[in-house]
Amino acid sequence: MSRPPFTAAVGRCLLNKRKRPYPGATRWVSSASASSGNRGSTRPSTSRSDDDGIVEGVFLFHRHGDRTPARRLVPDTYAEHENVFWTERIPKGASLYDSLSDLFPTDIHFSNNDGKFFDTRRAPYGFLTWKGMDQMRSVGRECALRYARLGHQAIGNKDNYCADGAAGRELLKHWDIQVFSTCYLRTVKSVQCFLHGLLGTDDQRSYEEFQGCDIKAQSLRDEIALEAARERPIDPNDLVGVYVRDRSIDTLNAFDRNPDLMKDLVSEVVNTDHFQKHDALAKPLALKLCDLLPGLLAPGQKLFGGPSGINWIHAADHFICRRSHGRPYSEFCAGTNDDRRIEEALASMRRPVIQHLAWRFRQWYKSAPLLAAIAAPPLREIEGQIRQAIDNGGERRAPMVIYSCHDVTILSILYGLGAEFLEDDDSNDWKCFWPSYASTLIIELVRMKEAKGDVDDTHILRIIVNGKPVRLVAMQKKLDKDLRLSDFSAIIDMLEEAGGGDDNGR
């Protein structure tokens, strides 16, 4: 795999020039949005741009799919039961990853753990499940359907590109697909499954039915490059690869890119009187959790500070993972599995745990330096990609850039953009929102007019979270509520200036 990755500083020239007529009609794939499920609620936008225009650029962040808990929290007495339960919900060995990598090769920069994943040493914990793989392929399929009808290549084309893999073939022909991931097996495998759904056929079998051995690399390679194969042999360089970039410049995970800086910025927030007082109020809840989930007290965990004294992401994992797999919260915990009182006690803790987790990260992301360090680099990178796409003038393949990342990444970008539903401290919206597995945040570049002119006259940007357009605080006073490129740039400028003026937020 020799295709070089895109970077904000340099960029790669997009290929395959082609002319495009401009339609007078509007398009919107409501079926894809409706089928995406509720992966976190947001208030919908009411702007006229929600279903207008032609998409000429797609910049998509997604959280990895369903995974096993990051750590074992149950008592040692039940450790083997817990291990067996989660082991049965993930692929065995690396055969399935190897098969997917034949289709979508992975290139990990050596600066990331010497080219090795960060999350493979605690199996079966922190691993993408069968369910998560199926989720990601479904999300990829939804995107194929959406952009087969809404994207620039659908202009004037009456054929049905949405059946039997044709949508994926058209995307491969007409979009320049770039893929970046953090250095975790679960994020890389998630985006490989997403690409399988985006570019493959509409096979309804689950990955567990595939069991790895039935994914034939060459057959699917032929399938997704069928049109090109009619004209010339398949070039391995045509394959869509997954890049884990140089750790020092990667925009996706500030905690991996600059751990010392992030530790300092988090400490500044945690050491404030407001944080200390409010976090201390959660100490009784933390103690109750530890009575039933003693793994929360195990050494070697990142606690991120505060008097509550536990890792709240790990605590939330217990509830989220068990609920996702339809299991009792009390299963393999202290007491007997059928102890109704323990189940009721844990059930009563679920919502307060997730709300306190959301509160802690809200404090982080209300810190201008910390938010700038996390959210400004990916947003600035996208701004550069958008400007390059507009400069291409429709003569080359449109950019479709996919970022496979984490819940906290998506949450930080929403705070960085100023999502309206996260604005009010007294609202329940932020308390109830946490990006769930397979969540997507999409920034679409949309052409509204064919006439040449200033980009703010011809294009808008559309922000979509899990199929629902999102309003931004910065657009509240605008009559048309449309997000122009100049607005987007101003948001990033203010984010960086508030954080200190550079990419590190200082």
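Candidates in the range 366-411 are the residues that are over 23 Å from Leu171 (Cα atoms) and free of Cβ contacts under 8 Å to residues at least 60 places away in the same chain; of these, the one that is least open to solvent (accessible area, probe 1.4 Å) is Leu411. Counting only strands (runs of 3 or more DSSP E) that sit wholly inside the range 351-468, those with at least 1 residues that are among the hydroxyl-bearing types (Ser, Thr, Tyr) and under 23 Å from Gly126 (Cα atoms) are 398-405, 440-447. Within the range 292-335, restricting attention to residues that are farther than 20 Å from Tyr78 by Cα and open to solvent by less than 20 Å² (accessible area, probe 1.4 Å), which residue is farthest from the chain's Cα centre (by Cα)? Among them, the one singled out is Ser308. With respect to the conditions (1) under 16 Å from Ala375 (Cα atoms); (2) assigned to a helix (DSSP H, G or I); (3) modelled with pLDDT under 95, Gly505 lacks only one, and its number is (2). The lone criterion from (1) of a type in the set (Phe, Trp, Tyr); (2) modelled with pLDDT of 95 or more; (3) crowded, with 22+ Cβ neighbours inside 10 Å left unmet by Phe104 is number (2). Among the residues of the range 412-425, is any closer than 30 Å to Arg67 by Cβ, free of Cβ contacts under 8 Å to residues at least 60 places away in the same chain, under 20 Å from the mean Cα position of the chain (by Cα) and open to solvent by 20 Å² or more (accessible area, probe 1.4 Å)? Among the residues of the range 412-425, at least one is closer than 30 Å to Arg67 by Cβ, free of Cβ contacts under 8 Å to residues at least 60 places away in the same chain, under 20 Å from the mean Cα position of the chain (by Cα) and open to solvent by 20 Å² or more (accessible area, probe 1.4 Å), which makes the answer yes. Residues that are open to solvent by less than 20 Å² (accessible area, probe 1.4 Å) and in a loop (DSSP other than H, G, I, E, B) within the range 71-90 comprise Leu73, Val74, Ile90, listed in sequence order. If you scan the range 464-477, which residues turn out to be in contact with a helix residue (DSSP H, G or I) (Cβ under 8 Å, 6 or more places away or on another chain) and either open to solvent by 10 Å² or more (accessible area, probe 1.4 Å) or farther than 22 Å from His152 by Cα (or both)? Those that are in contact with a helix residue (DSSP H, G or I) (Cβ under 8 Å, 6 or more places away or on another chain) and either open to solvent by 10 Å² or more (accessible area, probe 1.4 Å) or farther than 22 Å from His152 by Cα (or both): Gly467, Lys468, Pro469, Val470, Arg471, Leu472, Val473, Ala474, Met475, Gln476. Kindly establish whether Asn258 is among the polar types (S, T, N, Q), within 27 Å of Gly500 (Cβ to Cβ) and touching a Gly at 6+ places or on another chain (Cβ under 9 Å). So Asn258 fails the test. Can you pull out the residues in the range 426-446 that are farther than 17 Å from Asp407 by Cα, open to solvent by less than 60 Å² (accessible area, probe 1.4 Å), out of contact with any helix residue (DSSP H, G or I) (no Cβ under 6 Å at 6 or more places or on another chain) and not hydroxyl-bearing (Ser, Thr, Tyr)? Passing the criteria: Glu444, Val446.
Count of the range 257-274 residues, restricted to those that are open to solvent by less than 50 Å² (accessible area, probe 1.4 Å) and outside any helix (DSSP H, G or I), is 1.
The values are calculated or read from the model by the stated rules, or taken from the named source; none is laboratory data. Small disclaimer: the values here were computed from a predicted structure and weren't measured. We place every Cβ from the backbone using ideal geometry, glycine too, and count neighbours over all the protein chains shown. Side chains are part of the model used for accessible areas, which takes the heavy atoms of the whole protein and leaves out ligands, DNA and RNA. Shrake-Rupley method; radii C 1.70, N 1.55, O 1.52, S 1.80 Å.
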